[in-house]
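Here is the structure we will look at.
Here, each number is a calculation from the coordinates, and none is a lab measurement. All of these numbers come straight from a predicted model, not from anything done at the bench. Virtual Cβ from ideal backbone geometry, glycine too; neighbours counted across all protein chains shown.
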Amino acid sequence: KQEMYRELRDKPSVTKDGVSVDLMMNAGLVVDIPQLADSGAAGIGLFRTELQFMVAATFPRAEAQQKLYRDVLEAAGGKPVTFRTIDIGGDKVLPYFDSNVQEENPALGWRAIRLTLDRPGLLRTQVRALLKAAGGRELRMMLPMVTEISEIRQARAIIDKEVRHLARFAHHLPNTLKLGVMIEVPSLLWQLEEVMDTVDFVSVGSNDLFQFVTATDRGSTQLAGRFNPISAHFLRLLRHITRTSEQTGTPATLCGELAGRPLSAMALLGVGFRSISMAPAAIGPVKAMLTELPLEKLTGVMNETLDGKSAETDIVALLTAFAAEH
Ligand code: PEP
Ligand code: MG
């Protein structure tokens, strides 16, 4: 199989019926970088910048942040890289930072963009490091755990201010700057058009989104596997996101663990995603699935079921049978 995946690596990422799909990888540390070439990923769909903070004994200095971001962009050699601003708090604790914050529900607590907007020095330092590291290139930044549009506006004001500051001191700025948000908090689903009109791209964080939609702790061993994201309700929700993306012209991708399992990846393509981001080791198996996939046919079958027009209501059974047949 490894042999087969290696052979597939340099082949175009296209379904059997000719639809191109971007297979991106998730990363977060310098050691992940060689995987970009090894896996044949089209780029880094999610760079988890908090990992550098989590492996450190104290806040990484601005220079260290800038160096990491520059190394990543250099290794990517022009492939797109989406840097997510630090997503700390919740299950990602920094022992050296406000460890006396006690919350009953850390997943619903002071984390990610909520925390960095309250500690703008953190965000400012990171944004400046990113802007400097991406001089002359495209910079893609993504905000985690956004709940309301006002948070995007506040973050953008911080970014704009840093851009002006660096421009004043004649720094080499990125040639393009794209700002995106993670769709992880369900409140965004009822303001999707406005969100998409406010940003350059969105990426579904299906791990957190599924946790919040189903009120199921993603780390609970008792509940692991009880509810399946490959279900009519969650897939309808995801289809609503890709449809709104088409309507607004704002690209949507998905970067949770779902993207890395061939059967779930198949479902994601069936509800309209044309770009997904996963662990590098998953790219081979997902690509093997997709090159054999008659996507238009799958989309038809899935829509029938999701619209309640099919006798088959068990989506996993439907996908398994479709995969076996094709
Ligand atoms: C997610 O929530 O799906 C996601 C990609 O982010 P993380 O797993 O880092 O929370
Ligand atoms: Mg998340």
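Do any residues in segment 241-262 that are at negative phi have Cβ atoms under 6 Å from those of residues that are away from ligand 1 (no atom under 11 Å from the Cβ) and polar (S, T, N, Q), where the two are at least six apart or on different chains, and which pairs are they?
What qualifies is A252/T242; A252/S245; T253/S275; L258/S264.
For segment 249-326, please list each of the helices (runs of 4 or more DSSP H) lying entirely inside it that holds at least 3 residues being more than 24 Å from M4 (Cα to Cα). Spell out the reasoning first.
Numbers: elements: 262-270, 283-291, 295-306, 315-325.
Those helices (runs of 4 or more DSSP H) span 295-306, 315-325.
Residues checked against (1) β-branched (V, I, T); (2) under 25 Å from M25 (Cα atoms); (3) more than 16 Å from ligand 2 (Cβ to nearest atom):
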{"position": "D197", "(1), (2), (3)": "no, no, yes"}
{"position": "S206", "(1), (2), (3)": "no, yes, no"}
{"position": "P229", "(1), (2), (3)": "no, yes, no"}
{"position": "L238", "(1), (2), (3)": "no, yes, no"}
{"position": "P251", "(1), (2), (3)": "no, yes, yes"}
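Got at least one residue in segment 188-197 being within 16 Å of ligand 1 (Cβ to nearest atom) and part of a strand (DSSP E or B)?
Keep residues of segment 188-197 that are within 16 Å of ligand 1 (Cβ to nearest atom), which gives 188-189.
Okay, now just the ones that are also part of a strand (DSSP E or B), so none.
Checking segment 188-197: not a single residue is within 16 Å of ligand 1 (Cβ to nearest atom) and part of a strand (DSSP E or B).
Within segment 79-95, is there a residue that is of a type outside the set (V, I, T) and assigned to a helix (DSSP H, G or I)?
Within segment 79-95, the first condition is being of a type outside the set (V, I, T), and the residues that meet it are 79-80, 83-84, 87, 89-92, 94-95.
Among the residues that remain, those that are also assigned to a helix (DSSP H, G or I) are: none.
No, segment 79-95 has no match at all.
Give just the number: which of (1) surrounded by 20 or more Cβ atoms within 10 Å (Cβ to Cβ); (2) away from ligand 1 (no atom under 16 Å from the Cβ); (3) free of Cβ contacts under 8 Å to residues at least 40 places away in the same chain; (4) small (G, A, S) does A157 not satisfy?
(1)
Somewhere in segment 116-123, is a residue under 29 Å from G249 (Cβ atoms), surrounded by 21 or more Cβ atoms within 10 Å (Cβ to Cβ) and over 20 Å from the mean Cα position of the chain (by Cα)? Show your work before the answer.
Taking segment 116-123 as the starting set, the residues that turn out to be under 29 Å from G249 (Cβ atoms) are 116-117, 123.
Remaining after also requiring surrounded by 21 or more Cβ atoms within 10 Å (Cβ to Cβ): 116, 123.
Restricting the remaining residues to those that are over 20 Å from the mean Cα position of the chain (by Cα) gives none.
No, because not a single residue in segment 116-123 is under 29 Å from G249 (Cβ atoms), surrounded by 21 or more Cβ atoms within 10 Å (Cβ to Cβ) and over 20 Å from the mean Cα position of the chain (by Cα).
Please enumerate the residues belonging to segment 253-272 that are farther than 15 Å from M196 by Cβ and either more than 16 Å from ligand 2 (Cβ to nearest atom) or among the acidic types (D, E) (or both).
Correct list: E257, R261, P262, L263, S264, A265, M266, A267, L268, L269, G270, V271.
Please enumerate the residues belonging to segment 190-230 that are within 24 Å of R153 (Cα to Cα) and of a type in the set (S, T, Y).
Pass one, segment 190-230, residues within 24 Å of R153 (Cα to Cα): 190-206, 208-209, 212.
Hits for segment 190-230 are T198, S203, S206.
Looking only at segment 218-240, count every residue that is touching a residue at least 40 places away in the same chain (Cβ under 8 Å) and within 13 Å of ligand 1 (Cβ to nearest atom) and tell me the total. Steps first, answer last, please.
Looking only at segment 218-240, we keep the residues that are touching a residue at least 40 places away in the same chain (Cβ under 8 Å), and these are 218-219, 228, 230-232, 235-237, 239-240.
Subset that is within 13 Å of ligand 1 (Cβ to nearest atom): 218-219.
Adding up the residues that qualify gives 2.
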